[in-house]
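Notes follow once the structure below has been shown.
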Amino acid sequence: MQRQLSIGKSEDAVSPVIGTVLILAIMVTITGTMLAWGIPQIQQSEAYAIYTSAQNNLLNFDADLDHVITQGEGASRASTVSFSSGTFVERDNLDEIRYYYTTVSWSDPKIVGVNSGSTGFAMLDRNEVVGDYRVTLSYPNICYDSENNEIQMDDEFVTSEKCEQAGFEWVPAGTEWTGTTSVGLVSGFPYPLTYGTSATYTSTGNNTQIGGFFIYGSDALSYRYSSVSGVFKMRMFNGGIYTKEPGGPFFVSSSPLTRTISNSDSYDSFTVYQTDYTISSAAKSLSAGNFIFDARNQGGNDISLEVYSVRIGFTGESSLALKNFYKNKLDFVEEKDNFFTTADSVILAKNYGMAEAEEDVKFSQSTPFDFRILERTINVEFNLR
C-alpha cells in the first residue's frame with residue numbers, strides 16, 4: 001500500500017508574520033513622516049536662532065554706535081560682536097535718501113525726477129505763486145566720464161590723480177551750475193546728479209530763496225545669512241537697523257537717529273543724522289567668528305536751515321521701512337501726488353507723469369523751524385577677539 005503524506009496549511013503560522021510586517025510598515029511610515037516634517041522644523045528653528053543671535057549682537061553694537069555718532073568728533077567705543085553664520089560687510093550707497101526743504105511759507109514746489117544719475121528734473125509751484133525758478137546745483141568731488149555721461153563711483157577714482165590717469169574729468173567739490181526752469185523743466189547741467197549733490201532754488205521774480213535739496217547715498221554695515229528658511233538681512237545706517245526676514249519686507253528693528261524739539265502742536269527743530277562708514281581693517285568682509293568692532297567718530301558737516309517744510313524721498317530696498325518710520329513716529333504724511341498731469345503741462349505729464357510718481361513723505365507747518373542734517377563719518381575697525 002502506498003502511503004500519502006498530507007501537509008496541511010497552518011493559518012496560525014502566517015498571521016504573526018503578517019502582523020510583524022504591518023507593524024514594521026507602520027513604524028517606517030511614522031518615522032518617515034516625522035523625519036520629513038521634523039527635520040525641516042528643526043533646521044528652521046536653528047536658522048532662526050542663528051538670526052536672532054546675530055540680531056541681538058547688532059542691536060548691542062548699534063547702541064554703542066549711537067553714542068559714537070552723537071558724542072562728536074573723536075568719540076569711540078569698542079563692541080563685542082559674534083556671528084555663528086552669515087557674512088558681515090560694509091556696502092557703499094546701498095540706499096538713496098533725498099531731503100527737500102522750503103524756506104518760505106507761500107511757495108510749495110512740486111519736484112519730480114531728482115535722483116542719482118539724473119540729467120534733468122521738473123518743478124512747478126503748487127501754489128502758482130512762482131512762475132520760474134532759478135536753480136543752482138553744487139557738486140561734491142566727482143570723477144566724470146564724458147563719453148558715457150556718467151559718474152565713476154568706484155573707490156579707485158576717488159582722487160584727481162587716479163581719475164585723470166584713467167582718462168576721465170576730475171570735478172572738484174564746490175563746482176556749481178545755475179540755470180532757470182523752462183516750462184517747468186530743469187536740464188542742461190554739465191554733470192548728472194550724484195550722491196553729495198545739493199541744490200538751492202530762488203524765484204526769478206523777486207530773487208527770494210524758496211528752498212533746496214540734498215542727495216545722499218547711505219553707506220550700510222550689512223549682515224546677510226542664507227538658510228533653509230530663506231535669506232535674512234540686516235542693514236545698519238544713519239543710527240538705525242533695517243531688517244528683512246524671509247518672505248517679508250524690510251522693517252525698522254532699531255530706529256534711525258533723529259532729534260526733535262517741539263511744543264504742543266509744532267516743531268521748534270528737527271534733526272537727522274547722515275552717516276558714512278569707512279573700514280580701516282584689512283578684511284572688508286567677515287564670516288562666522290567672535291570680533292571686536294572699534295568705532296570712531298571722524299567728524300563731519302553740520303547743516304542748519306530755517307524751513308517751513310521737509311520732504312524726504314527714498315530709493316532702495318529699505319524705502320518702505322523708512323517711510324513707515326517717518327509716518328508713524330514723526331508725524332510725516334505720505335505725498336501721493338508727486339507727479340505731473342496734463343493740467344500742469346503736457347510736456348511734464350509725458351516725461352514726469354504717473355509712471356514716474358514719487359511717494360515721498362513730508363512734514364510742514366505754518367511757522368518756521370530749524371532743520372538740521374548732521375553728516376558724520378564713522379571709521380570701523382574689525383579685530384578678532
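The values are calculated or read from the model by the stated rules, or taken from the named source; none is laboratory data. Here the structure is a predicted model, which is why all the values come from computation and not from measurement. Here the Cβ is made from the backbone with ideal geometry for all residues, glycine too, and neighbour counts use every protein chain on show.
Considering each of S345, S304 in turn, give the residue that is among the small types (G, A, S), closer than 24 Å to T200 by Cβ and at pLDDT 95 or above.
Working: S345 fails: at pLDDT 95 or above.
None of the others qualify; the one that does is S304.
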Qualifying residue in region 204-226 (condition: in contact with a helix residue (DSSP H, G or I) (Cβ under 8 Å, 6 or more places away or on another chain) and surrounded by fewer than 19 Cβ atoms within 10 Å (Cβ to Cβ)):
no
Scan of region 94-150 for residues that are within 19 Å of T204 (Cβ to Cβ) and touching a Lys or Arg at 6+ places or on another chain (Cβ under 6 Å), ordered by number:
D108, K110, L124, R126
S107: part of a loop (DSSP other than H, G, I, E, B) and at negative phi, yes or no?
yes
Out of the residues in region 68-106 that are surrounded by fewer than 20 Cβ atoms within 10 Å (Cβ to Cβ) and of a type in the set (A, V, I, L, M), which is modelled with the lowest pLDDT?
L94
What single numbered condition from (1) of a type in the set (S, T, N, Q); (2) closer than 16 Å to V307 by Cβ; (3) in contact with a helix residue (DSSP H, G or I) (Cβ under 6 Å, 6 or more places away or on another chain) fails to hold for S269?
(3)
Quick test of your reading of the structure: V89 fulfils all but one of (1) in contact with a Ser or Thr (Cβ under 9 Å, 6 or more places away or on another chain); (2) within 30 Å of Y133 (Cβ to Cβ). Name the failing condition by number.
(2)
Can you tell me which residues in region 227-242 are surrounded by fewer than 21 Cβ atoms within 10 Å (Cβ to Cβ), of a type in the set (S, T, Y) and part of a strand (DSSP E or B)?
S227
Hey, can you tell me all the residues within region 192-226 that are in contact with a Ser or Thr (Cβ under 8 Å, 6 or more places away or on another chain) and assigned to a loop (DSSP other than H, G, I, E, B)?
P192, L193, T194, Y195, T197, T204, T208
Against the condition of a type in the set (G, A, S), at pLDDT 95 or above and closer than 20 Å to Y216 by Cα, how does S319 come out, does it pass?
no
Here is a check on your reading of the model: is G74 at positive phi and touching a Phe, Trp or Tyr at 6+ places or on another chain (Cβ under 6 Å)?
no
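Which of the residues that make up region 368-385 are hydrophobic (A, V, I, L, M, F, W, C) and buried (at least 17 other Cβ atoms within 10 Å of the Cβ)? If you could, list the steps in order and put the result at the bottom.
Step one: of region 368-385, the residues hydrophobic (A, V, I, L, M, F, W, C) are 369, 371, 373-374, 378, 380, 382, 384.
Listed by number, the residues that qualify are F369, F371, I373, L374, I378, V380, F382.
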Considering only region 152-164, state which residues are touching a helix residue (DSSP H, G or I) at 6+ places or on another chain (Cβ under 9 Å) and either surrounded by 13 or more Cβ atoms within 10 Å (Cβ to Cβ) or of a type in the set (K, R) (or both).
Q152, F157, K162, C163
Scan region 172-191 residue by residue and report those that are surrounded by fewer than 19 Cβ atoms within 10 Å (Cβ to Cβ), more than 17 Å from M123 (Cβ to Cβ) and touching a residue at least 24 places away in the same chain (Cβ under 8 Å).
P172, A173, G174, T175, E176
Could you check, for region 295-305, whether at least one of its residues is surrounded by 13 or more Cβ atoms within 10 Å (Cβ to Cβ) and of a type in the set (S, T, Y)?
no
Within the bounds of region 339-350, is there any residue that is loosely packed, with under 13 Cβ neighbours inside 10 Å and under 21 Å from F237 (Cβ atoms)?
no
If you go through region 130-142 one residue at a time, do you hit one that is assigned to a loop (DSSP other than H, G, I, E, B), touching a residue at least 60 places away in the same chain (Cβ under 8 Å) and among the aliphatic types (A, V, I, L, M)?
yes
